[in-house]
Every structure is written in C-alpha cells, then in structure tokens.
Amino acid sequence: MDKTEFVDAKSRTITVRYEWGGDIEAFDGEKRVGSFVVLEGEESWSGKSEPWIYHQIHIDEEYAGAGIASKLIETAFSMYGPLQFRDANNPMNKNFPTIDGMKLLYKAVRNGWVIDFGPTEAS
C-alpha cells in the first residue's frame with residue numbers, strides 16, 4: 001500500500017493511503033476521516049460501450065472544507081487518469097452531489113481530473 005502526506009487547510013497532517021483497485025483513504029493519525037470508493041466498469045449509452053470509474057467520496061463533517069476530498073480526487077486521477085462520471089440522469093445514480101460536492105466537481109473539471117459529467121444526447 002502506498003501513502004502520501006499533506007497538510008490540510010486547517011493545518012492538520014493528513015495521510016492518504018491507496019493501492020490499485022482499492023479505496024483511497026484519508027487518515028488523521030490512525031483516525032479514518034475520508035474515503036474515495038473506486039469501482040471500474042463499462043456501460044452502454046446510445047449503442048456505444050463507455051468506460052467509467054464510479055466513485056463516492058465521504059469526508060467526516062469536522063474535516064469538510066479542508067481540501068481532503070480534492071486530494072483524494074487528485075490521487076485517483078494520478079492512479080487512473082481522468083475520471084468519467086456516470087450519467088446523473090440514470091435512476092441507478094441516486095447519490096448526486098451536494099452543493100459543496102458540485103463545487104468540488106467543478107474544481108476537478110478545471111484541473112483536468114474529471115473529463116465530463118457523463119454522456120449527453122450528442123454522445
């Protein structure tokens with residue numbers, strides 16, 4: 001298992017632990033404070049098979065807004081390349097982001113960590 005450390009926006013040293021195909025987790029000491037669940041798959045949209053990497057981010061409330069989720073996404077990007085969001089209109093995707101989550105997604109798009117928000121009518 002690999003790991004990296006960084007100082008978050010609230011001056012805490014956070015350790016990010018990760019390995020290929022496993023969850024990416026954030027720790028403050030031995031306390032798990034966040035995670036990025038990674039599942040790879042493929043779906044068919046408009047007759048085309050499209051790869052996706054599903055991810056669900058959880059950050060403990062007291063650690064929210066400190067840059068931890070950004071670091072988890074950046075780590076996933078460095079491991080897997082640009083992330084593909086699944087179609088938000090698909091009824092299977094009920095866990096759509098909060099407003100803070102959307103801000104994080106837009107940051108990820110600007111940084112090139114995320115390639116888009118899923119297929120459109122034109123895709």
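For the pairs LYS3/LYS71; LYS3/LYS103; LYS31/LYS103, flag any whose C-alpha to C-alpha distance is greater than 18 Å.
LYS3/LYS103; LYS31/LYS103
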ask   = HN-Hα J couplings of region 69-77 from phi, Karplus 6.51/-1.76/1.60, θ = phi - 60°, integer Hz, Gly and Pro as x?
value = 4, 4, 5, 5, 5, 4, 5, 4, 4
key: Contour minus Cα-Cα distance for PHE6 and GLU61 (0.36 nm per residue)   = 17.9 nm
key: Inter-label distance for SER78 and TRP20, nm, one decimal - labels placed 7 Å from Cα along Cα-to-Cβ   = 1.6 nm
query = Got a sec? How would LEU104, LEU72 order by Cβ neighbour count within 10 Å, fewest to most?
reply = LEU104, LEU72
Least to most buried among MET1, MET79 (fewest other Cβ within 10 Å first) = MET1, MET79
query = Whose amide H sits under 5 Å from the amide H of VAL114, counting only residues 5 or more places off or on another chain, with H placed in the peptide plane?
reply = LEU83, VAL109
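Coordinate-derived values only; no laboratory data. Just so you know, these numbers come straight off a predicted model, no measurement behind them. Reconstructed Cβ throughout: ideal geometry from the backbone, glycine too, with neighbour counts over all protein chains shown.
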